[in-house]
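Heads up, the thing below is written out as structure tokens.
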Amino acid sequence: MFTDAERSQIRLIGDLIYTNPFGERRQEIEHRLLGRKHIQRFRVWHSLDGDFSTNLNLPELEKLCGRLVERGLSFLKGEGLPVQDDVLTEWDLLVIYWLFSRYSASMSGNIYLPSGSEEASAKLYGNFLDDYNNLVQNIRRGRPSAYQPEKIFAMFHQVHRAFNYIFDYIGGGTEAAARLRCAIWESIFSHDMNRYYRQLHSKMNGITTLITGESGTGKELAAQAIAYSQYIPFDGGKQRFARSYRDCFRAVQLSALPPTLIESELFGHVRGAFTNAIHDRKGCFENCLEGMAVFLDEIGDISLEVQVKLLRLLQTRQFCRIGDSEPREFSGKVIAATNADLSEKCADGQFRQDFLFRICSDVIRTSPLRTLLDGREEELRQMVLILSRRLLDAQEAVSFAQESSDWIIAHLGVDYTWPGNVRELEQCLRNLLLRGSYSPLVKEEADNDDIGTRMMKSGCTLDELTHRYVNALYQREGSVAGVARQSGMDRRTIRKLLDREK
């Protein structure tokens, strides 16, 4: 049916299906498949080195896959005994990649439709099923395929959602940006997509994701990318998905709620549970169904009492409304975020260690904008273009991004550290859109003289300099532990210096 060389190619094509598209291994497999025809424009696929990138190897991969499918189909449709199981396993993987490529453009184009991508993509299922039956069902095989059409179709839609949202939300061509994209992909599919297809797709809701990082680094965007990319079953008979992916993200801004209302917002309450509780009310957890996610922002700020209740919910997947003893099931996923050092809070008695261990099974660390840009002009221009497209339509965004990038480079400099991170850059662009200028609220310290000269000019004592140094580090790192790592000082000494500021 296939030569040894062709079977080797088919196994590599199968590897492409289960490989993180944002990782380096993707490029390695493509290079082994295409040899001299391989084009490596970027270090990793879809890192945005100053321009929107496309994988230039896709057309050649599709041609190769198409030739192998055509060759195998002519053999499998003929007369003869059923084909060996190992050959069928390879054939099925080849077909899965071919089907994915065939419907990729249509599914990607449907993701952001205002009416919802599910309805538009569902209309593709009839043709998809015909192709699937022709290539998988109606051939000489001694056993059924491990890949069922409804499940494969649902995962195709999921993969396209995940890829597009990660690609759109996490820009940048630096290594830090590439690592973040890879981490988010694994939070959705794990590092082993084969196991994910077999079992994990129905169990990922039981794994809590914790997103950490400085304020303004896009933790909520990472959470949205994960929530919008949950597995949503597809019903082939009714030709519809179980729900719209846009309903899968429920955000709760914990720091914006009074402590007395947090429990009601999360768990709900029954009539008469407290003053003004005149009706029964469902909380976020009760409204969060399977395949949906609750995003708990600023998780480090909640009280110890609420932590206990959340710990029980994550352990038992059950909760009770306030004022009620009837247990209710929680079938969704929890995504939490914080810019605080939770281990430090545990040491200070402000955060339960058992709760921390419960929420840290999957940790994503976002990078500050200064790290994502890495002082590179092309990265700054690309980030400005991405954010401009959220403010303006296509062509207008391109011209505005050019003007804004030129202004930032001329007035702030390419090495500006963006202490407010992506959030500050967004506000800078809004200022430029309205006023044509931007004045940072947080000023950078001038660096015209060397550090020794500036210390002498300050007229400060050694004690005052140490105090200022520790407080400046704390503003940058956001935690005592971070200051200790950077300065090498004892934590107790650092706390004393910080207490003086208060």
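No lab work stands behind these numbers, since they all come straight from the coordinates. Note that this is a predicted model, so its numbers are computed, not measured. Cβ atoms come from the backbone with ideal geometry, glycine included; neighbour counts cover every protein chain shown.
Global dimensions of segment 214-345 from alpha-carbon coordinates: Rg and Dmax equal 16.0, 53 Å. Relative to the longest principal Cα axis of the chain, at what angle does helix 491-501 sit, 0 to 90 degrees, rounded to 10? With rounding to tens, the tilt is 60 degrees. Note on R312 and L434: the extension gain reaches 39.0 nm, defined as 0.36 nm multiplied by sequence separation minus the Cα-Cα distance.
Taking 0.36 nm per residue of separation and subtracting the current Cα-Cα distance, fully stretching the chain between S343 and R389 would add 12.8 nm.
Computed from label points 7 Å out along Cα-Cβ, the spacing between Q84 and R143 is 1.4 nm. Evaluate E = 1/(1 + (r/R0)^6) for R365 and N133, where r is the Cβ-Cβ distance and R0 equals 51 Å; express this FRET efficiency to the nearest 0.05. Rounded to the nearest 0.05, the efficiency is 0.70. Qualifying trypsin sites (Lys or Arg not before Pro) in segment 310-396, where qualification requires a DSSP coil assignment and no more than 11 other C-beta atoms within 10 Å, are lacking entirely. M1 to R36: FRET efficiency via 1/(1 + (r/R0)^6), r the Cβ-Cβ distance, R0 25 Å, to the nearest 0.05? The calculated FRET efficiency here is 0.40.
If the chain linking V414 and R195 were pulled fully straight, counting 0.36 nm for each residue of separation and taking away their Cα-Cα distance, it would gain 74.4 nm.
For every other residue with a beta carbon closer than 14 angstrom to the beta carbon of A154, add +1 if it is Lys or Arg and -1 if Asp or Glu, then tell me the sum. Spell out each step's value before the answer.
Values: positive: K151, R161, K238, R240, R243; negative: E118, E150, D235, E290.
It works out to a net charge of +1.
Each label was represented as a point 7 Å from its Cα along the Cα-to-Cβ direction; for R11 and L304 these points are 5.8 nm apart.
Quick check on segment 1-146: take the gyration tensor over C-alpha atoms, sort the square-rooted eigenvalues as a ≥ b ≥ c, and tell me if it's rounded (a/c under 1.5), prolate or oblate. Judged from the Cα gyration tensor, segment 1-146 comes out oblate (a/c at least 1.5, b/c at or above a/b). A value for Cα Rg over 2.2 N^0.38 Å was derived from the coordinates, and within the list [x] 1.14; [y] 0.93; [z] 0.98 it appears as [x]. Size descriptors for segment 65-218 (Cα atoms only): Rg and Dmax, in that order, 18.5, 65 Å. What FRET efficiency comes out for S215 versus F75 if R0 is 56 angstrom and r is the Cβ-Cβ distance? Round to the nearest 0.05. Here the calculated transfer efficiency is 0.40.
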